[in-house]
Amino acid sequence: MRTVIAVAVLALGAASLTGQDDKKYEKDGKFTAKFPSTPTTLTRSAGGLTLNLTLADFEKGKGGMMVVYADIPAEKVKAPTPDQILDSCKRALEEDFKLKNMKAEPAPFGAKKLPARSISGDRDDLFINGTIVLSGNRLYQVYAFGPKEFVTGKDAEEFLKSFTTTE
């Protein structure tokens, strides 16, 4: 689980993103989200999982938005509870990336009240604000990242609110 978070956060700096697009629908990802610009999609492998990342800059160098999803093997989802999986994601962000002021509040997601956590934290000039959602065996991570003014601002809030699962 920590590897999923690690690769997702590392990918933040790895993408060079440009373009214009009002809405990005990921058919295979089974989600919708309104990105501020045309997102870039990446696929990475980590810890035996395939991570699917969709990232977009808000303004070059000022922050961005991302959705990451990974399908967790059924045998790994059966053993822990959804809360344990979500808590593991929080710990990975906090420990592996040395995030401070870490908050992870239970926040049931959508009409189906899927298990989820509202996440926020910071390290130096990097702030992160978002949601982690478990839908069956698919783990979604939805974040706005960048300066504090950005991740707590209107554009980041609109992006986070625009995220929906479509399964």
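The values are calculated or read from the model by the stated rules, or taken from the named source; none is laboratory data. On a predicted model such as this, the values are computed, not experimentally measured, just so you know. Backbone-built Cβ (ideal geometry, glycine too); neighbour counts: all protein chains shown.
Take the residues in segment 57-73 that are in a strand (DSSP E or B) and of a type in the set (Val, Ile, Thr), then tell me which one is surrounded by the fewest Cβ atoms within 10 Å (Cβ to Cβ).
Out of the qualifying residues, it is Val68.
Could you check segment 77-95 and list, in sequence order, the residues that are farther than 21 Å from Leu55 by Cα and in contact (Cβ under 8 Å) with a residue 12 or more places away in the chain?
Residues satisfying the conditions are Val77, Pro82, Asp83, Ile85, Leu86, Asp87, Ser88, Arg91, Glu94, Glu95.
Out of the residues in segment 74-83 that are in a helix (DSSP H, G or I) and exposed (fewer than 12 other Cβ atoms within 10 Å of the Cβ), state the one that is modelled with the lowest pLDDT.
Restricting attention to segment 74-83, the residues satisfying the condition of being in a helix (DSSP H, G or I) are 74-78, 82-83.
Checking the rest, the ones that are also exposed (fewer than 12 other Cβ atoms within 10 Å of the Cβ) come to 74-75, 78.
On the way: Ala74: 80, Glu75: 78, Lys78: 72.
Only one residue fits best here, namely Lys78.
Does Thr54 satisfy being in contact with an Asp or Glu (Cβ under 7 Å, 6 or more places away or on another chain), within 21 Å of Asn137 (Cβ to Cβ) and in contact (Cβ under 8 Å) with a residue 24 or more places away in the chain?
Details: in contact with an Asp or Glu (Cβ under 7 Å, 6 or more places away or on another chain): yes; within 21 Å of Asn137 (Cβ to Cβ): yes; in contact (Cβ under 8 Å) with a residue 24 or more places away in the chain: yes.
Taking the combined requirement at face value, the residue satisfies it.
Within segment 137-167, restricting attention to residues that are of a type in the set (Gly, Ala, Ser) and in contact (Cβ under 8 Å) with a residue 40 or more places away in the chain, which residue is nearest to Gly61 (Cα to Cα)? Give the derivation first.
If we filter segment 137-167 for residues that are of a type in the set (Gly, Ala, Ser), which is where we start, we get 144, 146, 153, 156, 162.
So of that shortlist, the ones also in contact (Cβ under 8 Å) with a residue 40 or more places away in the chain come out as 144, 146, 156, 162.
On the way: Ala144: 13, Gly146: 8, Ala156: 15, Ser162: 22 Å.
Filtering segment 137-167 for residues that are of a type in the set (Gly, Ala, Ser) and in contact (Cβ under 8 Å) with a residue 40 or more places away in the chain, the one nearest to Gly61 (Cα to Cα) comes out as Gly146.
Would you mind stating whether Gly47 is at positive phi and either of a type outside the set (Phe, Trp, Tyr) or touching a residue at least 12 places away in the same chain (Cβ under 8 Å) (or both)?
yes
Ala33 fails exactly one of the following numbered conditions: (1) modelled with pLDDT under 90; (2) closer than 20 Å to Thr164 by Cα. What is the number of that condition?
Every condition holds for Ala33 apart from (1).
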